[in-house]
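Engineer: Here it is, the structure, as structure tokens.
The values are calculated or read from the model by the stated rules, or taken from the named source; none is laboratory data. Values in this document were obtained by computation on a predicted structure and should not be read as measured data. When we count neighbours, we look across all protein chains shown, and the Cβ atoms used for this are built from the backbone with ideal geometry, even at glycine. The protein model used for the area step is the full one, side chains on, heavy atoms only, and it has no ligands, DNA or RNA in it. Shrake-Rupley method; radii C 1.70, N 1.55, O 1.52, S 1.80 Å.
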Amino acid sequence: MAKQVRKQPARLPSPEEILEFMRRSKSSVGKREIARAFGLRGPLKAELKQLLRDMADDGMISRRGRRVLDKIPLPEVIVAQITQIDRDGELVGVPVEWDETAGAPPSILIRHGDNKKVTAGRSDRVLVKLKTTGDRMYPLEGRIIRKLSGEDNRILGVFRIAKGHGARIVPVDKKARSEFIVRAGDENGAVPGELVEVEVARSRGRGPPVARVRQRLGDLKDQRNISMVAIHEHGIPTRFPERALAESTSLKRFASADRLDLRDLPLVTIDPPDARDHDDAVFAEPDTDPSNPGGHKVIVAIADVAHYVRPGTALDREARIRGNSVYFPDRVVPMLPEKISNDLCSLREKEDRACIACYLTFDRAGEKKGHRFARAVMRSSGKLSYEEAQAAIDGKPNSKTSSLLHPVLKPLWSAYNAVSKARARRGPLELDLPERKIVLDAHGLIERIFVPERLDAHKLIEEFMIQANVAAAETLEERKTPLIYRVHEPPSPEKLKSLSEFLRTLGLSLPLGHIVKPTLFNSILERVKGKDYENLVNQVVLRSQAQAIYAADNRGHFGLNLRRYAHFTSPIRRYADLIVHRALITGLHFGNDGLSDDDKHSLIDTADLISATERRAMAAERDTIDRLVAAHLSDRIGARFDARINGVVGAGIFVTLSETGADGFVPISTLRTDRFFFNEKAHAVIGERTGETYRLGDRVEVELKEVTPVSGGMRFEMVSSGHKGQPVAWKTDSSRRRPKRRARR
């Protein structure tokens, strides 16, 4: 008789086991699926519910309705700030970029990993590669890839005198967890309320951190200091190391003997009117080859930064750390010193410059027939603004463009007209989300905010740059030369499902189960043009898209509908482009200043690093605009504004003002006509009794109640009534969650 195996009683799984189950699951996971997988019944199911709540509170998982999301919503590589040293002497940090609507940021246990030489301490910002740990206290572990800046121990704060406690520094960073003590003699003359830069003393103890005032920056309310707040908050390095500056000043101009001479060709630069550096120039002419009737030849010439910034130099190391230039309304934090970005590598009018030229041949239908690259010397025939070039084409040339109209501009537009038709056939994603531009006056105050007109001149340069970028990627793949791609992956199945459910509420359909292409989204966007919810659909389609990143392997570019794509056209301001230039130099045997062995071995880390610095720059630029506009509106408390709802969460409604593009928040507790709850599928909050609805994309009127210029935050109250609707039986809909009762006011 066979021995009977006694069945082991079910037990509550550990957090680590739950995380592993979710990682292996091929579909979304909820409490029911976890309970079934681990055989939990009765009291154990109640214990599981509490365990999942604890894991969500600790940041190990996130919740959406009854679903459990299997990962903290963070990319694999992030910038983290070290905020404390725990009782065991371990470094602990938090993500620098974190969506506050997702709750408190998770704690990250910071490990040095393979970089044993890196010394990091409290307040440092480091690039880390994440992995989940299953630990309740520290749900994530971050292995340091690189410390981002030698200035990480310098922060910005407000000098205060605390009665009975002496001088203190209150960091401007909203995520900072403690104030800093300033010892007697370290005040540097600072007065209460003044914005100061301080140096944080290294500390491995558990006492309050200590700082000394290094620089007094003046009144915090002075708008000229606002971009400095973002620079410090996001750890963007502003000072070049002395060695890098010394290298830049010692650089000598290139020798033109071994370069193709393009100085007789009337290449022109077309840029914004306030551009300080010019790294691309263009030229076009009809193709005279009888086998290509009606075709065009185009040259895209790009500054040869690789000639000056060699692998392994201090300039190269600093450019890699910075990743890209960062642009603010009142200043630019460049990737390269001014000697390079504004002089040696800027394609100045009537001056000889080293370049790498991309020769492109298009047929009459605008399809690319071929391309090649050359290392060359050029001389710009004209520095034009987009507006100047467009005006000339529209029949209003000025003294500069009149001589360039027929030999230069008309051939460019002729080539563009053909290429734009090929673009339309290719069908890239065509979102209509105009961006506002802020213009400051001589005192650093906002003079005006406007939406620039989208001209054909902008589209012309954009499309020729895209074609040159594609040619670079194709050439390097053919030569089997390593490179960094610009990749944009298709939307995830989860986001497509969410978008489909939303579109269904508008009577629109998004067929699932087929290969998704940008043209599918374009057809939807075309159907909603001119309708009240046009902006709403554009916003939701945008939010369904993945974020473009840099990668050492090719995953295609979904948004542009291209199989391969690399950044080649802006090496002055993007490190990715400099790597691609070096790869072309290596692959095409243009010289000995191409990819180094270190470049090749560290491509994955470099791609991760510059993806993170790009996100950092975008966040800093966005925060600066928020603070500038908040300061601009700080004396208009009680004023009413036309706005559009740009986000809806359980806590309330995010709005964007039509007049300025400023963003603010309407807490759900201030909607007094009913008790509202959040409907995730509809991107709306809905009144429980009345069905009154406020939805993403709605036009509304709001009243400004509170402004905090330091953080850029603005609080509004809703003036407009919501759309009329029917009360919804929330108990029957798992996506509709009844809110907690309002706090008493």
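Engineer: Test each condition in (1) under 18 Å from Thr313 (Cα atoms); (2) surrounded by 16 or more Cβ atoms within 10 Å (Cβ to Cβ) for Gly591 and report the one that comes out false.
Structural biologist: Answer for Gly591: the failing condition is (2).
Engineer: crowded, with 18+ Cβ neighbours inside 10 Å, among the hydrophobic types (A, V, I, L, M, F, W, C), part of a helix (DSSP H, G or I) and in contact (Cβ under 8 Å) with a residue 24 or more places away in the chain: is that true of Leu483 in this structure?
Structural biologist: no
Engineer: Ile161 is checked against (1) among the aliphatic types (A, V, I, L, M); (2) open to solvent by less than 60 Å² (accessible area, probe 1.4 Å); (3) at pLDDT 75 or above and fails just one. What number does that condition carry?
Structural biologist: (2)
Engineer: Which one is nearest to Asp626 (Cα to Cα), of the residues in region 706-716 that are touching a helix residue (DSSP H, G or I) at 6+ places or on another chain (Cβ under 8 Å) and not in a loop (DSSP other than H, G, I, E, B)?
Structural biologist: Filtering region 706-716 for residues that are touching a helix residue (DSSP H, G or I) at 6+ places or on another chain (Cβ under 8 Å) and not in a loop (DSSP other than H, G, I, E, B), the one nearest to Asp626 (Cα to Cα) comes out as Gly713.
Engineer: List pairs: first in region 105-130 and more than 20 Å from Asp608 (Cα to Cα), second modelled with pLDDT under 70 and charged (D, E, K, R), Cβ under 8 Å, 6+ apart or cross-chain?
Structural biologist: Qualifying pairs under 8 Å: Pro105/Lys175; Pro106/Asp58; Gly121/Arg202; Gly121/Arg204; Arg122/Arg202; Ser123/Asp152.
Engineer: Counting just the residues of region 658-683 that are closer than 29 Å to Arg448 by Cα and in contact with a helix residue (DSSP H, G or I) (Cβ under 8 Å, 6 or more places away or on another chain), which one comes out most open to solvent (accessible area, probe 1.4 Å)?
Structural biologist: Asp663
Engineer: Take region 278-296 and flag every residue that is out of contact with any helix residue (DSSP H, G or I) (no Cβ under 6 Å at 6 or more places or on another chain) and either at positive phi or open to solvent by 50 Å² or more (accessible area, probe 1.4 Å) (or both).
Structural biologist: Pro286, Thr288, Asp289, Pro290, Ser291, Pro293, Gly294
Engineer: Then there is this: Could you tell me which numbered condition His589 fails, if it satisfies all but one of (1) of a type outside the set (D, E, K, R); (2) within 18 Å of Lys480 (Cα to Cα); (3) touching a strand residue (DSSP E or B) at 6+ places or on another chain (Cβ under 7 Å)?
Structural biologist: Every listed condition holds for His589 apart from (3).
Engineer: Now for a separate question. Regarding Lys368, is this residue under 24 Å from Tyr308 (Cβ atoms) and open to solvent by 10 Å² or more (accessible area, probe 1.4 Å)?
Structural biologist: So Lys368 does not fit the description; no.
Engineer: Within region 615-635, can one find any residue that is open to solvent by 30 Å² or more (accessible area, probe 1.4 Å), modelled with pLDDT of 95 or more and not in a helix (DSSP H, G or I)?
Structural biologist: For region 615-635, residues open to solvent by 30 Å² or more (accessible area, probe 1.4 Å), modelled with pLDDT of 95 or more and not in a helix (DSSP H, G or I): absent.
Engineer: Ok, one more. Could you tell me which numbered condition Ile236 fails, if it satisfies all but one of (1) in a strand (DSSP E or B); (2) modelled with pLDDT under 95?
Structural biologist: Of the numbered conditions (1) in a strand (DSSP E or B); (2) modelled with pLDDT under 95, the odd one out for Ile236 is (1).
Engineer: Sticking with this one: Scan region 517-533 for residues that are of a type outside the set (Ser, Thr, Tyr), open to solvent by less than 80 Å² (accessible area, probe 1.4 Å) and free of Cβ contacts under 8 Å to residues at least 40 places away in the same chain and jot them down.
Structural biologist: Step one: of region 517-533, the residues of a type outside the set (Ser, Thr, Tyr) are 517-518, 520-522, 524-532.
Now restrict to residues that are open to solvent by less than 80 Å² (accessible area, probe 1.4 Å): 518, 520-522, 524-525, 528, 530.
Answer for region 517-533, where residues must be of a type outside the set (Ser, Thr, Tyr), open to solvent by less than 80 Å² (accessible area, probe 1.4 Å) and free of Cβ contacts under 8 Å to residues at least 40 places away in the same chain: Leu520, Ile524, Val528, Gly530.
Engineer: Out of curiosity, is Arg216 farther than 30 Å from Tyr359 by Cβ and loosely packed, with under 15 Cβ neighbours inside 10 Å?
Structural biologist: Spelling it out, it is not the case that Arg216 is farther than 30 Å from Tyr359 by Cβ and loosely packed, with under 15 Cβ neighbours inside 10 Å.
Engineer: So which of Ala365, Ala376 is at pLDDT 95 or above and under 25 Å from Thr586 (Cβ atoms)?
Structural biologist: Details: Ala365 fails: under 25 Å from Thr586 (Cβ atoms).
Exactly one of Ala365, Ala376 is at pLDDT 95 or above and under 25 Å from Thr586 (Cβ atoms), namely Ala376.
Engineer: Also: Residues Leu499, Leu510, Leu503, Leu536: which one is outside any helix (DSSP H, G or I), more than 30 Å from Arg375 (Cβ to Cβ) and open to solvent by less than 20 Å² (accessible area, probe 1.4 Å)?
Structural biologist: Working: Leu499 fails: outside any helix (DSSP H, G or I); Leu503 fails: outside any helix (DSSP H, G or I); Leu536 fails: outside any helix (DSSP H, G or I).
That would be Leu510, the only listed residue that is outside any helix (DSSP H, G or I), more than 30 Å from Arg375 (Cβ to Cβ) and open to solvent by less than 20 Å² (accessible area, probe 1.4 Å).
Engineer: Check whether at least one residue in region 565-586 is open to solvent by 30 Å² or more (accessible area, probe 1.4 Å), part of a loop (DSSP other than H, G, I, E, B) and within 27 Å of Arg259 (Cα to Cα), and report yes or no. I'd like the intermediate steps shown before the answer.
Structural biologist: Of the residues in region 565-586, the ones open to solvent by 30 Å² or more (accessible area, probe 1.4 Å) are 573-574, 586.
Next, only the ones that are part of a loop (DSSP other than H, G, I, E, B) stay: 573.
Next, from what is left, pick out any that are within 27 Å of Arg259 (Cα to Cα): 573.
Scanning region 565-586, I find at least one residue that is open to solvent by 30 Å² or more (accessible area, probe 1.4 Å), part of a loop (DSSP other than H, G, I, E, B) and within 27 Å of Arg259 (Cα to Cα), so the answer is yes.
Engineer: Restricting to region 684-703, give me the number of residues that are basic (Lys, Arg) and surrounded by 18 or more Cβ atoms within 10 Å (Cβ to Cβ).
Structural biologist: Residues in region 684-703 being basic (Lys, Arg) and surrounded by 18 or more Cβ atoms within 10 Å (Cβ to Cβ): 1 in total.
Engineer: Does at least one position in region 321-329 carry a residue that is among the small types (Gly, Ala, Ser) and more than 28 Å from Ser227 (Cβ to Cβ)?
Structural biologist: First, pick out the residues of region 321-329 that are among the small types (Gly, Ala, Ser): 323, 325.
Those still in the list that are more than 28 Å from Ser227 (Cβ to Cβ) too: none.
The answer is no; no qualifying residue exists.
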